[in-house]
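Asker: Here it is, the structure, as structure tokens.
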Amino acid sequence: MRSLRIAWLWMTTSFKAAPLLMTISSVLVALRAVAAPTQTYGVSLLVDGLAGDRSSTIALGIGIIVGGLAVSFVADVVGWPLQDTAQERMAGRVHADLLDVTTGIPGLTHHERPDVADRLELVRERAWRMGVGAEVLLWAFATVANTVTVLGLLGSVHPLLLLLPLLGASRIWSAYVSSTRQHKAWEDSLPQERLVDRLIEVSKDARTGLELRVFGLGRVLVERIFSLQTERYRRRVEAARWGGKVDGTVRLAFGLAYAAAVVWVIVRARDGLQTAGDVVLVLLLAPQVDQMTGGIAQNVHWVGEVVRSFSRYDWLREYAKDNSWRTSTDPAPARLSSGIELRNVGFSYPGSDSAVLSNVSLTLPAGSAVALVGENGAGKTTLVKLLARMYDPTTGHILVDGVDLATISPDSWRSQLSAGFQDFVKFELTAREVVGIGDVSSESDDAVRAAISRGEAESVVAGLPLGLDTQLGKKFTDGVELSGGQWQRLALARAFMRERPLLLLLDEPTAALDPDAEHRLYEQYAAAARIAASETGGVTVLVSHRFSTVRMADLIVVMHNGRVEEVGSHEDLLAAGARYAELFELQARAYR
Ligand SMILES: Nc1ncnc2c1ncn2[C@@H]1O[C@H](COP(=O)(O)OP(=O)(O)OP(=O)(O)O)[C@@H](O)[C@H]1O
């Protein structure tokens with residue numbers, strides 16, 4: 001059933017990518033495939049006509065030969081360029097579709113599971129090569145047309161000769177097993193390949209250059225890459241050698257069998273059981289049968305490749321469908337009246353059994369600013385990701401004004417969110433775009449400048465040679481590189497592009513700023529947020545290790561080992577004298 005679906009996907013993708021080109025090409029390749037054996041038949045008629053002195057047979061033979069030549073010529077001249085274009089169209093279509101499918105998966109699970117990541121990588125890497133699917137499909141049409149014609153001609157000489165192409169099937173089998181083995185060796189070495197790519201990236205990336213040199217890691221990296229490469233090649237060479245031996249043996253056996261068949265037909269002709277034309281036909285068909293089975297044997301590899309690529313493509317489409325949260329169709333509310341409630345929320349990352357969050361029950365009241373604090377690994381970022389619905393909780397629920405977040409459409413929810421992270425992305429675009437993409441629906445200059453002012457990034461933009469039009473990033477010759485803090489200010493401005501988000505998530509977005517700058521920024525931000533919150537009931541969730549910032553929040557949530565340990569205002573928590581008070585005192589002492 002699945003193989004039928006894959007074959008169908010292969011066919012429909014090829015024809016949908018270039019309907020007219022594929023139809024014309026299919027007809028042309030089929031004609032070309034039939035023309036060669038038909039010409040051979042023409043030659044055998046010619047020989048029989050000459051031997052029996054029959055002019056009508058001679059004329060028919062010549063007609064078939066000339067007609068065949070003409071068809072082959074036209075099909076060649078017109079067919080090849082069309083085929084190339086069809087192939088490019090198909091590759092383009094698959095690539096565009098893949099991007100669409102992968103970026104359309106709303107959650108992050110596919111990035112977390114190594115098995116899924118591996119397969120995704122395979123599909124992406126092979127996407128451009130899948131255009132070959134169109135060519136292989138045309139080749140398959142040609143092979144069917146050619147095989148039927150050759151079988152018909154051989155059978156017309158003697159039915160026993162039909163065994164010859166069947167013997168050729170053993171060549172197809174040997175090519176298949178050896179290509180499967182080689183593919184397996186290649187797939188088995190994929191994790192090493194990914195690691196090698198990653199290590200090469202690390203060794204040449206300017207950002208890692210500093211630490212590499214300080215810790216003297218260059219040599220270690222090179223040795224590691226070298227040993228991984230050696231292991232990878234060893235597996236692949238072993239598989240290729242094995243395939244070579246099997247294929248060579250089978251090919252030799254097939255050649256000997258064909259030679260015996262030719263001798264047999266000659267002997268029968270001497271006994272008057274076959275005509276001279278029959279001998280010529282079998283002799284001339286010999287290289288064609290060899291070519292045909294050889295062609296199939298060679299293309300088995302490509303058919304395998306295409307089928308594998310399409311089965312991965314099919315898998316990805318199914319995966320995207322299963323993980324599209326299609327049943328989440330409720331719209332996000334336009335404003336919050338009661339707030340966001342986490343009810344007994346537990347979470348384990350995909351592919352892991354250990355709970356990162358356990359039994360978290362918490363209410364984030366509408367219009368409040370909530371700070372999450374706790375030591376490294378306490379689960380703060382994970383909670384932020386669940387609020388953004390990058391994952392669904394493993395147990396429990398998140399309720400938005402009483403509505404389960406799992407039922408709200410991810411697009412609708414995210415259009416009401418804004419976020420700034422510590423490990424923000426340095427989008428190498430113009431300064432205007434770096435900020436503006438925080439809300440692609442209102443990318444006007446005024447909106448961008450307002451966000452820059454809220455993120456206190458005016459000084460960064462003022463220092464750029466072309467202001468907002470400056471290209472940022474080192475990959476461009478005229479690109480300007482910024483410091484970590486400057487990038488972070490732009491990332492913050494990006495988070496402030498949406499003026500009235502229902503949920504603003506700030507996960508240590510100011511870690512690269514000095515404490516004074518962070519404090520100023522939050523004071524200014526808190527004032528603006530209160531006004532916005534009174535209008536929409538929006539909630540701000542802030543993760544920070546700096547208590548001077550945290551104390552401004554309406555509600556502070558202290559997390560420890562994936563659980564909520566304390567909740568309250570700064571004053572309440574200090575009065576309670578528990579973990580928060582202890583951590584606060586520690587930090588205050590360090591600043592004294
Ligand atoms: N993608 C992931 N896959 C598996 N485990 C993860 C992943 N991300 C985080 N974890 C684990 O989840 C736990 C909580 O991590 P999280 O990033 O939520 O902590 P945090 O409180 O934000 O820490 P920090 O203050 O260091 O940012 C950690 O033990 C971490 O190892």
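Asker: How large is the dipole of the stretch 488-569 about the Cα centre if only Lys and Arg carry +1 and Asp and Glu carry -1, each at its Cβ, rounded to the nearest 20 debye?
Answerer: With Lys and Arg at +1 and Asp and Glu at -1, about 200 debye.
Asker: Under 11 Å from the Cβ of G396, count the other residues' Cβ atoms, weight Lys and Arg +1, Asp and Glu -1, and hand me the total.
Answerer: That works out to -2.
Asker: Expressed in whole Å with the largest first, what are the equivalent ellipsoid semi-axes of the stretch 218-325 derived from the C-alpha gyration tensor as the square root of 5 times each eigenvalue?
Answerer: For the stretch 218-325, the ellipsoid semi-axes come out as 49, 24, 9 Å.
Asker: Can you sort I172, I531, I556 so the residue with the fewest Cβ neighbours within 10 Å comes first?
Answerer: Arranged by neighbour count, lowest to highest, I172, I531, I556 become I531, I172, I556.
Asker: Principal axis extents for the chain, Cα atoms only, whole Å, descending order, please.
Answerer: Answer, in whole Å and largest first: 117, 50, 47 Å.
Asker: Grab the other residues whose beta carbon is less than 10 angstrom from that of L190, score K and R as +1, D and E as -1, and report the net.
Answerer: My count for the surroundings of L190 gives -3.
Asker: Considering only the other residues whose Cβ falls under 12 Å of the Cβ of A532, what net charge follows from Lys and Arg at +1 and Asp and Glu at -1?
Answerer: Once positives and negatives cancel, what remains is +3.
Asker: Is the shape of the stretch 437-552 rounded, prolate or oblate, going by the alpha carbon gyration tensor and its root eigenvalues a ≥ b ≥ c, with a/c under 1.5 for rounded and a/b larger than b/c for prolate?
Answerer: It comes out oblate by the Cα gyration axes.
Asker: Could you order the peptides 535-541, 158-164 from most to least packed, using the average number of other C-beta atoms within 10 Å per residue?
Answerer: Top of the packing list down: 535-541, 158-164.
Asker: Could you please rank L120, L212, L364, placing first whichever residue has the fewest other Cβ atoms within 10 Å of its Cβ?
Answerer: Ranking L120, L212, L364 by Cβ neighbours within 10 Å, fewest first, gives L212, L120, L364.
Asker: Right, next: Where does each of 85-96, 46-57 land if you order them by average Cβ count within 10 Å, highest first?
Answerer: In descending order of packing, they fall as 85-96, 46-57.
Asker: Of the trypsin sites (Lys or Arg not before Pro) in the stretch 1-49, which ones lie in a loop per DSSP and count no more than 10 other C-beta atoms within 10 Å?
Answerer: none
Asker: Now a separate question. What is the stretch 1-157 by shape, rounded, prolate or oblate, if you read a ≥ b ≥ c off the alpha carbon gyration tensor as root eigenvalues and call it rounded for a/c under 1.5, prolate for a/b larger than b/c, and oblate otherwise?
Answerer: Because a/c hits 1.5 or more and a/b exceeds b/c, the stretch 1-157 counts as prolate.
Asker: Near K475, which lysines are there with a Cα under 16 Å away, not counting those fewer than 8 places off in the same chain?
Answerer: Output for K475: K204, K426.
Asker: Would you kindly give the portion of the calculated P(r) for the stretch 339-591 that falls above 35 Å, as a percent of all Cα pairs?
Answerer: 16 percent
Asker: Taking every DSSP beta bridge that has both residues in the chain, what percent is antiparallel when rounded to the nearest 5?
Answerer: 50 percent
Asker: What size of dipole, in debye to the nearest 20, comes out for the chain about its Cα centre when the only charges are +1 on Lys and Arg C-beta atoms and -1 on Asp and Glu C-beta atoms?
Answerer: In total the dipole reaches around 1760 debye.
Asker: Using only helices, what value at 222 nm comes out for the chain when you add -39,500 (n - 2.57) per DSSP H run of length 4 or more and divide by the total residues, to the nearest 500 deg cm²/dmol?
Answerer: After summing the helix terms and dividing by the residues of the chain, the value is -22000 deg cm²/dmol.
Asker: Expressed as a whole number of Å, what is the distance separating the alpha-carbon centroids of the stretch 373-394 and the stretch 201-265?
Answerer: 43 Å
Asker: Take the Cα atoms of the stretch 317-475, build their convex hull, and give its volume per residue in Å³.
Answerer: 178 Å³
Asker: Under the rule a/c < 1.5 gives rounded, and otherwise a/b versus b/c splits prolate from oblate, where does the stretch 171-280 land using the Cα gyration tensor?
Answerer: prolate
Coordinate-derived values only; no laboratory data. Just so it is clear, the structure is predicted and the values come from calculations on it, not from any experiment. Neighbour counts run over all protein chains shown; Cβ positions are idealised from the backbone, glycine included.
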